[in-house]
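One structure is given here, and the rest of the page talks about it.
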Amino acid sequence: MMTDIVRTQAVQQLLDRAAGISGQAPGPRLNAIVRDLLEALMSVIERHDISESEFWGAVEFLGRGAGELGLIVPGLGIEHFLDLHMDAKDAAAGRVGGTPRTIEGPLYVAGAPLVDGDLTRTNDVNLTDDPDETEELTMSGRVSGPDGEPVENAILHVWHANSKGFYSHFDPTGAQSPFNNRRRIRLGADGRYAFHSKMPQGYSVPPGGAADQLMTALGRHGNRPAHVHFFIEAPGYRTLTTQINFGDDPHARDDFAFGTREGLLPVPDRSGGSPAVHFDFVLQRSASADDEAFSSRPRASA
Ligand code: DHB
Ligand code: FE
């Protein structure tokens, strides 16, 4: 049965008190956010006539599945929505152009080996430490700025899964070295980069886990296309979080985490046998020190 009590004075007062908002003064940011979240939740309870059993079942599910919240957030499109929100703010501020951002995902590990990738001095960088019976991936291109100028002294952070779709540090089989398929590559003055590794397989959420259970309940799957993640940081430029997803993967346009975006779906060139990707990154210039910093999202480290 549909009721209409959220708008009543009693519930509005309950919301103010629960969110710590007193009197007429608008509360600080946290109080205002908590109030809006609570009001949205109460409205959903009312609109869908959620029962006590259903509600406590959901609380139990979230508590039990808390360790997979980092997987559930992208799976529900919320991490992608954060990108859309940042894109919209950028567009309103006239900050357009460059390689699109897309989700970081939950599987970055800080502290990967920092290696020399100045191609005037050295060859392409190897990312893979562990044996992996699959084809070699090569990837190369350049990092430039908005006017096509080479970005000097960039650090390209790169990470991807192995041929089983598992990331080092998060591998349930425990089979991988801590930084397998993870590097920070220091580029030279020309902004060129090149690396080789073992071709990743598409990723799937852990079978039977909370993310998998939720996707199944929603009639969805928990698969991502094969992909390679990047952060690119360089003095004077805005730090970019992005990834390429292989355009010929069956899930290229059916990514459960909504990380695939137009402009980030290169199809590997197989004319030389093993897959080769050429991809150029274009950074925006930084407008403040904040632009050059990483978000303070908590990240794993090893
Ligand atoms: C998830 C896994 C990824 O590898 C990724 O890039 C994004 C999301 C996940 O498990 O939700
Ligand atoms: Fe990933």
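A compact table of results
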quantity	calculated
Label-point separation in nm, ALA300 to ARG29, each point 7 Å along Cα→Cβ	3.0 nm
Rough spin-label spacing in nm, given labels placed 7 Å along Cα→Cβ, for LEU37 and ASP118	4.7 nm
Value in Å of the Kirkwood radius, where the chain supplies the Cα pairs that are averaged	21.7 Å
Long-range amide H partners of ALA112 with built H, under 5 Å	none
Mean ellipticity per residue at 222 nm, deg cm²/dmol - from DSSP H runs of n ≥ 4 across the chain, formula -39500 (n - 2.57)	-7500 deg cm²/dmol
Per-pair calculated FRET efficiency, R0 = 35 Å: SER177 and ALA88 via Cβ, rounded to 0.05	0.30
Tilt relative to the chain, helix 29-47 - C-alpha long axis, 0 to 90 degrees, to 10	70 degrees
Neighbour-count ranking [beta-carbon atoms within 10 angstrom, fewest first] of HIS160, HIS278, HIS48	HIS48, HIS278, HIS160
Share antiparallel - DSSP beta bridges, the range 55-212, percent rounded to 5	70 percent
Cβ-based exposure ranking for MET42, MET139, MET86, in which fewest neighbours within 10 Å come first	MET86, MET42, MET139
Karplus (6.51, -1.76, 1.60) ³J(HN,Hα), θ = phi - 60°, over the range 233-243, in Hz, Gly and Pro reported as x	10, 7, x, x, 10, 7, 4, 10, 10, 8, 7
Principal semi-axes in Å for the range 18-106 [√(5λ), Cα gyration tensor, largest first]	30, 23, 12
Loop GluC sites (Glu not before Pro), the range 109-185, which have at most 14 other Cβ atoms in a 10 Å radius of their Cβ (DSSP)	GLU133, GLU135
Sites matching trypsin sites (Lys or Arg not before Pro) across the range 203-302 that sit in DSSP coil, with at most 15 neighbouring C-beta atoms within 10 Å	ARG220, ARG253, ARG270, ARG299
Nearest-0.05 FRET efficiency for LEU218 and LEU14, computed from C-beta distance (R0 30 Å)	0.45
Span from the the range 220-257 Cα centroid across to the the range 108-143 one, whole angstrom	17 Å
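Only the coordinates and a few stated rules stand behind these numbers; no lab work does. These numbers were taken from a predicted model, which means no experiment stands behind them. Cβ atoms come from the backbone with ideal geometry, glycine included; neighbour counts cover every protein chain shown.
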